[in-house]
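Participant: Sharing a structure here in structure tokens format.
The numbers here are math on the coordinates, done by the rules we state, and not lab data. What you see is a predicted model, and the numbers here were worked out from it, not measured in a lab. We place every Cβ from the backbone using ideal geometry, glycine too, and count neighbours over all the protein chains shown.
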Amino acid sequence: MSARKRTVVLISGRGSNMTALIAAASNLDYPAEIVGVISDRANAAGLGIAAARGIATKVISRADYTSKDAHDGAIDAALVSFGAEIVALAGYMRILGARFVEKWLGRMINIHPALLPAFKGLDTHARAIRAGIRIHGCTVHFVTLDMDDGPIIAQAAVPVMVGDNEDMLAARVLKAEHRLYPLALGLVAEGKARMEGGRTVLAHFADDADNSSSVVMAPDPLREETDLEHLARITP
Ligand code: GRF
């Protein structure tokens with residue numbers, strides 16, 4: 001196997017997606033290794049989780065820099081010092097500037113809790129419920145200048161159940177995120193998904209033909225009840 005891609009995760013808070021990436025990368029056959037975690041908030045819970053797993057962490061607070069550019073510059077310098085080849089945003093709540101985004105274009109990915117291009121921005125689950133959609137989900141995409149707008153790498157869909165509230169739906173999507181993000185980072189690290197001419201180019205998947213006739217449907221709510229109870233128990 002060729003060298004594993006050195007990956008740095010940027011967080012602002014809880015860090016459950018970061019934890020999923022670290023877990024995937026603990027397998028030496030996984031094509032990316034997590035070499036560092038950077039947070040813009042000193043109190044991000046994810047920092048302690050990363051440290052407990054032996055991952056180097058760094059806090060780079062906006063308040064310590066006179067401008068947004070200087071803050072981005074400090075993050076960039078930290079990425080260089082980690083020898084980062086891929087940057088994975090995982091609940092990083094700050095918009096990165098154009099210079100930074102351009103430098104890491106094609107090498108920086110993000111997870112968004114909705115099926116893009118629907119529901120860009122915040123409060124995606126509440127908006128999904130208000131819109132009455134039956135299928136919701138999450139997206140991993142390359143980061144480009146416009147927020148939540150870059151080429152899509154992978155998506156996972158979950159049903160919106162009758163009677164769902166925002167927290168129930170968020171928990172169901174989060175569970176899908178934790179499976180999707182390791183998969184998508186793996187594709188990028190292996191070179192099977194790359195950004196070219198503003199689009200994602202996916203390598204040919206031998207078994208893709210098997211999927212061509214599948215239909216994703218919101219399932220019968222009654223049959224999902226046990227799963228919902230299970231989800232309620234694991235909601236962070
Ligand atoms: C996730 O829902 C992610 O999709 C969004 O922010 C949330 C971060 O959660 N970008 P966590 O910090 O990974 O637990």
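Participant: Listed highest first by mean packing, meaning other Cβ atoms within 10 Å per residue, what order do 100-110, 73-83 come in?
Facilitator: So the order, starting with the most tightly packed, is 100-110, 73-83.
Participant: Put +1 on the Cβ of each Lys and Arg and -1 on the Cβ of each Asp and Glu in the chain; which of LEU174, GLY97, ALA156 then has its Cα farthest toward the positive end of the dipole?
Facilitator: Positive-most Cα among the choices belongs to GLY97.
Participant: In whole Hz, what ³J(HN,Hα) sequence does the range 154-165 give by Karplus (6.51, -1.76, 1.60; θ = phi - 60°), x for Gly and Pro?
Facilitator: Once θ is set to phi - 60°, the couplings for the range 154-165 become 7, 9, 10, 10, 10, x, 9, 8, 4, x, 4, 10 Hz.
Participant: What helices in the chain pass both tests, a Cα length along the helix axis of 15 Å or more and a mean Kyte hydropathy of -1.0 or higher, using whole DSSP H runs?
Facilitator: 68-82, 166-189
Participant: Also, quick follow-up: Once amide H atoms are placed 1.01 Å from N in the peptide plane, what residues at a sequence separation of 5 or more from LEU105, or on another chain, have their amide H within under 5 Å of its amide H?
Facilitator: Under 5 Å from the amide H of LEU105 lies no amide H from a residue far enough along the sequence or on another chain.
Participant: Between the range 14-57 and the range 106-136, what is the C-alpha centre distance in whole Å?
Facilitator: 24
Participant: While we're on this one: Using a cut-off of 9 Å between beta-carbons, work out the net charge of the residues near GLU33 (Lys and Arg +1, Asp and Glu -1, GLU33 not included).
Facilitator: Taking every other residue near GLU33 into account, the sum is +3.
Participant: A further question follows. In square nanometres and to one decimal, what's the mean projected area of the convex hull around the Cα atoms of the chain?
Facilitator: 13.9
Participant: What does the convex hull of the alpha-carbon atoms of the range 18-147 project to on average, in nm²?
Facilitator: Over every viewing direction, the Cα hull of the range 18-147 projects on average to 9.1 nm².
Participant: Give, rounded to the nearest 20 debye, the magnitude of the charge dipole that the range 121-213 has about its Cα centre when Lys and Arg contribute +1 at Cβ and Asp and Glu contribute -1 at Cβ.
Facilitator: 120
Participant: Also, I was wondering about something else. What ranking do 63-72, 88-97 get when scored by the average of other Cβ atoms within 10 Å per residue, highest first?
Facilitator: 88-97, 63-72
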